[in-house]
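**Q** Submitted below is the structure of interest, expressed as structure tokens.
The values are calculated or read from the model by the stated rules, or taken from the named source; none is laboratory data. As the structure is a prediction and not an experimental result, all values here were calculated from the model. Cβ atoms come from the backbone with ideal geometry, glycine included; neighbour counts cover every protein chain shown. Protein only, heavy atoms only, side chains kept; ligands, DNA and RNA dropped before computing areas. Shrake-Rupley method; radii C 1.70, N 1.55, O 1.52, S 1.80 Å.
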Amino acid sequence: MMPPMAKRAEKTSNEEVITTHINADFDALASMMAAKRLYPEATLVFPGSQEKNLRNFFLHSTSYLFNFTKLKQIDFNAIRRLILVDTRQKSRIGKFADLVGEKNVEFHLYDHHPDAEDDIRGDLEVVRKTGSTTTILTKIIQEKGIAITPDEATIMSLGIHEDTGSFTFVSTTPEDHRAAAWLVEQGANHNLISDMLTRELDAEQIWLLNDLTQSATTRVINGLKVVVAKVIREKYIGDFAVLVHKFMEMENLQVVFALAQMEDKVYLVARSRIADVNVAEIALAFGGGGHPEAASATIKNKTLVQVERSLRALLTSRINPQKRAKDIMSSPVIQVSPDQSIKEAATTMTKYNINVLLVMDRHQNLKGYVTRQVLEKAVFFNLGRNRVMDYMNIEFSAVSPDALLGEVQDLIIKNKLRILPVLEGDNVLGVITRTDLLNILVGGPVVPDFLYDSSHASQFLRKKNMAALLKERFPRRIIHLFKEFGNVADMLGYNAYLVGGLVRDLFLKHDNLDVDVVIEGDGIKFAQEFSALHEVRVRSHKKFGTAVLIFPDGFKVDVATARMEYYESPAAPPIVETSSLKMDLYRRDFIINTLAIELNKRHYGTLVDYFGAQKDLKEKGIRVLHNLSFVEDPTRVFRAIRFEQRFGFKIDKLTLALMKNAVSSDYFKELSGRRLFLELRLLLMEREPIRAIERMSEFNLLQCISPEISQDKELRKVLEEIRGVISWFDLLYLDEPYQPWKVYWHGLTSSLNKRALGLLMERMQVTDQELNHMHHLRSHVIEAMDRLYRFKSENDYALYTLLYQYDTEVLLYMMAKANNKNIKKLISHYFTKLKDEKVILKGRDLKKMGFPPGPVYKKIFDRLLEARLNRAIRSRKEELRFVKEHFGDLLVPE
């Protein structure tokens, strides 16, 4: 019989294992405990050593709670699922890294850290931006209604407290507070938590803290102050991260990197309170990880001197330089000449929607500036024909491209400047507006009072990174494509952004693979360069600076040059000019559609939100960007209704008033019929278009389609019948491709006679062959329905002959329109029994039988189909016999 100690040394064969990162902390432990609740059959295993703080907890606290298995007892060949918590990095999980790539091992990942280059790809990935991983798992446990003990609640609460600095770290989120509150309700012991978090320092730790203070040196790296401290100890001293935190608080430091050589390792702990220093990037380079605000690494086989030298090199290359005028200036500069009239200057200002214009002569020398208030008052006094030079401001401040942010701030704020030109010699490179400065000072973009912009400024709008969400929501192939776009943009010196509905739907968690890319640069050149590096075709449109990338599998990506638009009159087509991202987004229809995500490698995944789109998405509101939006493009009224119904959002009061004004002012009369039809088609393509049609009626928009269309009882009845017929047809699972919007189109125009329908299609400028065919069939619907009403024959071929000429959409419309059960029954019989009936024999069979090719083939096949539909024949053998019996006289003798 095997002795007890030998039994414990046997390898376990558990198929599920829960583990975390080497040097596990309390968040790692708590996450493992929480994961055990989700995977009750799993084995708990540390991949390596734990922090001393955690080891002491095992020795002196509630160790009886933990049923951990030693690493050496694990049979790695038996593992079928690895549950990894508080990390995704292959380099941080010790021997378990050997399982990566094994086809028979599932990986379930739970983590709150930013993406890293060596992240493992999981079969299940739950990655959220919270202060601790325990928070993520606590929420899942709470949602699933799983009970936990007070001891478990205490440990989980301790994990949240440690990783959030008891909710003082900037990485703390509302979810951390809510999770901690729930754990308190489950009986978490605050006395134990307090004891663990507020233990007094021992003598060794006090000396270590003193040495950190004495060794600290301050370096100015690219305009930023960074403190580096270092200590050496022969033996390991625990809680080094706690000591660094205390050091940072005592000295009121913004950025600190602390190095400690203890035993045969060097430990790095880094903290940052400013966005320009991402300490996680630095720690990652040493094989560690963490967050932009707090990170650490354990470095083996290097001396303290070697690590310090590497650290200094990394700091120089990775820390963003302090912002200078050239980085935040706006361009291109919109200008007028001194000799232009006041009226012309006012027109330019209105066209570009700005409040200040630089005045520059024909040699591009800066002469002054003129404001909107001056121009408006001059026009009011009938001075519109006077020259700009007569009333421009000729005294102005300026800065060089290398002027620091502090100098720019002093000039604009102290002198109350509206605009600050950036000059290199006499050359105007750009301008800095009050809005540009405000964007930097408040830490992110705000709605501008006017819309200069710059490809230089966009790189500093780094408040939310969407890389993890992109990775979660899109296939690996698409993510690779996004990164390739960024690489090509970097190569060309451009900025590339994801824009449009895809970014909006990323927040709404709606599937969307319509990829739209905006380039600050030459969009067509970007597309051509991408095509040269990849197997992709390009179709470009030089007038608008746009291109389409067409991949071998038919997948398409729209590429556009960042541009601005202005309209010469209400409802007129836009005039397009090259511009920048901010002005490109400003031309969008609604604020919810103004988000962008940067694709360049350095800031990959950075969200750009100039106009508060995140707020509107959260509040489920639809707002225009400016009050003339519907005057410029009345079709936006239809889009407002479409988005309102699709997302269940609410159009805000001002936007509603502007929509009603656009309708009452009859801006639609100047709208081309083609543009109107395209918007109607999109609206009818929505999943539930009936409510959208009702909203159109509330705004009196149906009259824009035709004066003869109104939302009466008959139209409502037809539309409801169409909804029912479409649901019935979908449930047949016939694998029949069709377009439901066409059925609704027929229903919407059902009150129009043949002549009125023809005039409508003519006004809509419908030239597409398919749509013309649809109109032709529709014009014969009444005749077909009359024949169906009088159809008495039981001959299926006769029914087939009557209906096969009509598209599926027209037949479904006829079913909905017919107030007759027999007609519905006949069309239903056609769909379910007759439509897909096919003759088995082919032309080669007839030729083999001895029939010479020619018109006789069609005659034979028609007769065969008739016989099959009327159930006279069913098999191939019967078809052959039928042909010989009825067409044998036509056989060519051998």
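**Q** Are any residues in the stretch 165-198 in a loop (DSSP other than H, G, I, E, B), open to solvent by 50 Å² or more (accessible area, probe 1.4 Å) and in contact (Cβ under 8 Å) with a residue 40 or more places away in the chain, and if so, which ones?
**A** Across the stretch 165-198, the qualifying residue is only VAL170.
**Q** Something else now. Taking into account only those residues within the stretch 26-67 that are open to solvent by 50 Å² or more (accessible area, probe 1.4 Å) and of a type in the set (D, E, K, R), which is modelled with the lowest pLDDT?
**A** Taking the candidates together, the pick is ARG55.
**Q** If we keep just the residues of the stretch 68-99 that are of a type in the set (S, T, N, Q) and closer than 20 Å to ASP27 by Cβ, which is modelled with the lowest pLDDT?
**A** Checked the stretch 68-99; the qualifying residue modelled with the lowest pLDDT is SER91.
**Q** Right, next: Which of the numbered conditions does ILE160 fail, given that it passes all the others? Conditions: (1) under 28 Å from VAL277 (Cβ atoms); (2) in contact with a Leu (Cβ under 7 Å, 6 or more places away or on another chain).
**A** So ILE160 meets the others, but not (2).
**Q** Continuing with the same structure: Exactly one condition in (1) at pLDDT 90 or above; (2) open to solvent by 60 Å² or more (accessible area, probe 1.4 Å); (3) of a type in the set (Val, Ile, Thr) is false for THR149; which is it?
**A** Among (1) at pLDDT 90 or above; (2) open to solvent by 60 Å² or more (accessible area, probe 1.4 Å); (3) of a type in the set (Val, Ile, Thr), THR149 violates only (2).
**Q** Looking at (1) closer than 30 Å to ASP123 by Cβ; (2) touching a strand residue (DSSP E or B) at 6+ places or on another chain (Cβ under 9 Å); (3) surrounded by fewer than 15 Cβ atoms within 10 Å (Cβ to Cβ), find the lone condition where VAL503 falls short.
**A** (3)
**Q** Within the stretch 270-279, identify whether any single residue is among the polar types (S, T, N, Q), out of contact with any Pro (no Cβ under 8 Å at 6 or more places or on another chain), in a loop (DSSP other than H, G, I, E, B) and open to solvent by 20 Å² or more (accessible area, probe 1.4 Å), and answer yes or no.
**A** No - not one qualifying residue is present in the stretch 270-279.
**Q** Looking only at the stretch 391-407, how many residues end up being touching a Leu at 6+ places or on another chain (Cβ under 7 Å), under 26 Å from ALA345 (Cβ atoms) and surrounded by 14 or more Cβ atoms within 10 Å (Cβ to Cβ)?
**A** 2
**Q** Related question: Checking ILE282 against (1) modelled with pLDDT of 85 or more; (2) surrounded by fewer than 22 Cβ atoms within 10 Å (Cβ to Cβ); (3) part of a helix (DSSP H, G or I): exactly one of these is not met. Which one?
**A** (2)
**Q** State whether one or more residues within the stretch 306-318 are part of a loop (DSSP other than H, G, I, E, B) and modelled with pLDDT under 90.
**A** Checked the stretch 306-318: no residue is part of a loop (DSSP other than H, G, I, E, B) and modelled with pLDDT under 90.
**Q** Oh, and also: Kindly evaluate SER706 against the criterion of being at pLDDT below 90, among the hydroxyl-bearing types (Ser, Thr, Tyr) and in contact with a Ser or Thr (Cβ under 8 Å, 6 or more places away or on another chain).
**A** Judged against the criteria, SER706 is a match.
**Q** Sort out which residues of the stretch 469-495 are buried (at least 20 other Cβ atoms within 10 Å of the Cβ) and farther than 22 Å from ILE592 by Cβ, and write them in order of number.
**A** Those that are buried (at least 20 other Cβ atoms within 10 Å of the Cβ) and farther than 22 Å from ILE592 by Cβ: LEU481, PHE485, GLY486, VAL488, ALA489, TYR494, ASN495.
**Q** Count, please, the residues in the stretch 741-758 that happen to be touching a residue at least 40 places away in the same chain (Cβ under 8 Å) and either of a type in the set (Lys, Arg) or open to solvent by 50 Å² or more (accessible area, probe 1.4 Å) (or both).
**A** Of the residues in that region, 2 qualify.
**Q** Provide a single number: the residues in the stretch 290-303 that are crowded, with 17+ Cβ neighbours inside 10 Å and farther than 16 Å from PHE240 by Cα.
**A** 3
Yes or no, residue by residue, for (1) without any contact (Cβ under 8 Å) to a residue 60 or more places away in the chain; (2) of a type in the set (Ser, Thr, Tyr); (3) open to solvent by 30 Å² or more (accessible area, probe 1.4 Å); (4) not in a helix (DSSP H, G or I):
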{"site": "GLN214", "(1), (2), (3), (4)": "yes, no, yes, no"}
{"site": "VAL220", "(1), (2), (3), (4)": "yes, no, yes, yes"}
{"site": "VAL228", "(1), (2), (3), (4)": "no, no, no, yes"}
{"site": "GLY238", "(1), (2), (3), (4)": "no, no, no, yes"}
{"site": "VAL244", "(1), (2), (3), (4)": "yes, no, no, no"}
{"site": "GLU249", "(1), (2), (3), (4)": "yes, no, yes, no"}
{"site": "LEU253", "(1), (2), (3), (4)": "yes, no, no, yes"}
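**Q** Sort out which residues of the stretch 860-894 are free of Cβ contacts under 8 Å to residues at least 12 places away in the same chain and within 25 Å of ASP836 (Cα to Cα), and write them in order of number.
**A** Result: ASP862, ALA872, ILE873, ARG874, LYS877, GLU878, ARG881.
**Q** For the structure I just gave you, tell me whether HIS112 is closer than 19 Å to ASP25 by Cβ and either in contact with a Lys or Arg (Cβ under 8 Å, 6 or more places away or on another chain) or open to solvent by less than 10 Å² (accessible area, probe 1.4 Å) (or both).
**A** Against the criterion (closer than 19 Å to ASP25 by Cβ and either in contact with a Lys or Arg (Cβ under 8 Å, 6 or more places away or on another chain) or open to solvent by less than 10 Å² (accessible area, probe 1.4 Å) (or both)), HIS112 qualifies.
**Q** Here are ARG881, ARG871, ARG863, ARG876: which of them is open to solvent by less than 100 Å² (accessible area, probe 1.4 Å) and either more than 26 Å from LEU802 (Cα to Cα) or of a type in the set (Lys, Arg) (or both)?
**A** ARG863
**Q** Does ARG362 qualify as being among the basic types (Lys, Arg), closer than 30 Å to ALA270 by Cα and free of Cβ contacts under 8 Å to residues at least 60 places away in the same chain?
**A** no
**Q** Another question, if that's okay. What residue, of LEU357, LEU383, LEU417, LEU375, is among the hydrophobic types (A, V, I, L, M, F, W, C) and either assigned to a strand (DSSP E or B) or loosely packed, with under 15 Cβ neighbours inside 10 Å (or both)?
**A** On inspection, the qualifying residue turns out to be LEU357.
**Q** Continuing with the same structure: List every residue pair whose Cβ atoms sit under 7 Å apart, with the two residues 6 or more apart in sequence or on different chains, where the first one lies in the stretch 466-489 and is without any contact (Cβ under 8 Å) to a residue 60 or more places away in the chain and of a type in the set (Lys, Arg) and the second, anywhere, is open to solvent by less than 40 Å² (accessible area, probe 1.4 Å) and not in a loop (DSSP other than H, G, I, E, B).
**A** ARG473/LEU506
**Q** Determine which member of the set GLU125, GLU106, GLU117 is among the acidic types (Asp, Glu), open to solvent by 30 Å² or more (accessible area, probe 1.4 Å) and more than 26 Å from PRO292 (Cα to Cα).
**A** Within the list GLU125, GLU106, GLU117, the selection yields GLU106.
**Q** State which residue pairs qualify: first residue of a type in the set (Gly, Ala, Ser) and inside the stretch 90-102, second residue assigned to a loop (DSSP other than H, G, I, E, B) in any location, beta carbons under 6 Å apart, and separation of 6 or more residues or different chains.
**A** As it stands, the answer is SER91/ASP118; SER91/GLY287; GLY94/ILE22; GLY94/PRO47; GLY94/GLY48, since those pairs meet every condition given.
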